[in-house]
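Accompanying notes for the structure given below.
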Amino acid sequence: MYIDLRSDTVTHPTPAMRKAMYEAEVGDDVYGEDPTINRLQELAAKLTGKEAALFVPTGTMGNAIAQLTHAGRGQAVIVGDQSHIYHYEAGGASTLGGSPMYVVPTHPDGMLDMDALRGAIADESDEHTAATALICLENSHNRCGGTVLSQEQVAAIATLAHTNGIAVHMDGARIFNAATALGIPVRDLVRDVDSVMFCLSKGLSAPVGSMLVGSREFIRRARRTRKLLGGGMRQAGVLAAAGIVALEEMVERLAEDHENCERLAYGLADLPMVSIQTDQVVTNILLFSLHNADGQEYNTNQIALFLNKAREHGVLLGPMGEKNIRAVTHHGIEAEHIDQALAGIQAALQEIAHLE
Ligand code: TLP
């Protein structure tokens, strides 16, 4: 059996979720008549302190709905150069919505560069530029290694945006991880943004689904955008039932994933050939890179070789960007699995060092 650290998306529904799914009361959600979906949406709105919520099939669709709803055709969306929205969502805002994406640098902690952000904001006055309608943030930040933006950092961006009449959307796929790491309620962390997408199907272990939250008026319009994208589901209460269990039972245990991730980070830091910034590891994601005895960093091909070796030793990891390897802890991964994973990674490293 593999120790699968490729992502927290690999988690399976818990027995409590399967039971809730089996027993779920359902109705046609396009008519707004699925009582289980309605309950999940109310719960999501309450937890995030927003007026309303919408159940959507995936995080990618949730982010696309937000961008298309906030920004009309020809209106610009500003995103970070390391963001999931920019790298891994097939350019949704631009390809589907006709919104140009303006890309600003991301700092190692996941924060957008404020000077670049100020420079990227455009208004209607110049006919050459697309006026900015939306700024997107990510918290926790995937490609930065699960780093967390504080409430103050979010507020700084939101103030700049709102002063300029621009909305803010947070890709909070792992917002409960971020809030857990900060030790504050999610609603405080998302207080200043206009909309948030968060995933039920990552660390929270539901099989499917994400939530989009915001004002009542925003969610009313987002429902139409969801329809446009083909995301209006019918008796999806069977899925929402697992989402309710995810929010009620799976949030508190995220701290365990963070402890295990830290344990992995310190174990990796002790291995020769591994470069890792342990102080950057604050949630359930870590990044590391590899170098040979001369200190030369491994390239993409060498990393692919290592990932295969690690697999042979029972550990599944994934590449992230050109030179990083990502590990993600999640439900089902216990401290003893971390120790086994470290042994497997060490063995894989020894074997590739011999190949050089
Ligand atoms: N991330 C996946 C991969 O796509 C990389 C993962 O394994 O981490 N926002 C963020 C920050 C994400 O990390 C992800 C998924 C999404 C959005 C998209 O969610 P889904 O997969 O539900 O479309």
Scan Gly183, Gly243, Gly214, Gly237 and give me the residue that is in contact with an Asp or Glu (Cβ under 8 Å, 6 or more places away or on another chain), under 23 Å from Ser140 (Cα atoms) and in the same structural domain as Gln151 (by TED's automatic domain parsing).
Gly214
Here is a list of conditions, (1) modelled with pLDDT of 95 or more; (2) outside the structural domain of Ala222 (by TED's automatic domain parsing), and Met1 meets all of them except one; can you say which number that is?
(1)
Within the stretch 139-167, considering residues that are of a type in the set (S, T, N, Q) and under 24 Å from Glu89 (Cα atoms), the one farthest from the ligand (Cβ to nearest atom):
Thr147
Residue count, the stretch 13-36, condition hydroxyl-bearing (Ser, Thr, Tyr) and surrounded by 17 or more Cβ atoms within 10 Å (Cβ to Cβ), comes to 2
Among (1) surrounded by 15 or more Cβ atoms within 10 Å (Cβ to Cβ); (2) closer than 15 Å to Asp8 by Cα, where does Glu334 come up short?
(1)
What is the residue count in the stretch 305-319 for residues that are buried (at least 19 other Cβ atoms within 10 Å of the Cβ) and touching a residue at least 60 places away in the same chain (Cβ under 8 Å)?
2
Would you confirm whether or not the stretch 199-220 contains a residue that is touching a residue at least 40 places away in the same chain (Cβ under 8 Å), away from the ligand (no atom under 14 Å from the Cβ), among the hydrophobic types (A, V, I, L, M, F, W, C) and part of a loop (DSSP other than H, G, I, E, B)?
no
I need the full set of residues from the stretch 244-268 which are part of a helix (DSSP H, G or I) and basic (Lys, Arg), in order please.
Arg263
Extreme residue, surrounded by the most Cβ atoms within 10 Å (Cβ to Cβ), among residues of the stretch 182-198 that are away from the ligand (no atom under 14 Å from the Cβ) and closer than 19 Å to Ile244 by Cα:
Val186
Sole residue being free of Cβ contacts under 8 Å to residues at least 60 places away in the same chain and within 10 Å of the ligand (Cβ to nearest atom), chosen from Tyr102, Tyr88:
Tyr88
First in the stretch 143-171 and free of Cβ contacts under 8 Å to residues at least 40 places away in the same chain and assigned to a loop (DSSP other than H, G, I, E, B), second anywhere and surrounded by fewer than 23 Cβ atoms within 10 Å (Cβ to Cβ) and among the polar types (S, T, N, Q), Cβ under 6 Å, 6 or more apart:
none
Could you tell me whether Val251 is among the β-branched types (Val, Ile, Thr), surrounded by fewer than 19 Cβ atoms within 10 Å (Cβ to Cβ), touching a residue at least 12 places away in the same chain (Cβ under 8 Å) and out of contact with any His (no Cβ under 9 Å at 6 or more places or on another chain)?
yes
Just to be sure I understand the filter: pairs with C-beta atoms under 9 Å, separated by 6 or more residues or on different chains, first member in the stretch 48-61 and at pLDDT 95 or above and part of a loop (DSSP other than H, G, I, E, B), second member among the aromatic types (Phe, Trp, Tyr) and away from the ligand (no atom under 16 Å from the Cβ). Which pairs pass?
Lys50/Phe218; Glu51/Phe218
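The values are calculated or read from the model by the stated rules, or taken from the named source; none is laboratory data. All values derive from a computational prediction rather than experimental measurement. Here Cβ is always computed from backbone atoms with ideal geometry, including for glycine, and neighbour counts include all displayed protein chains.
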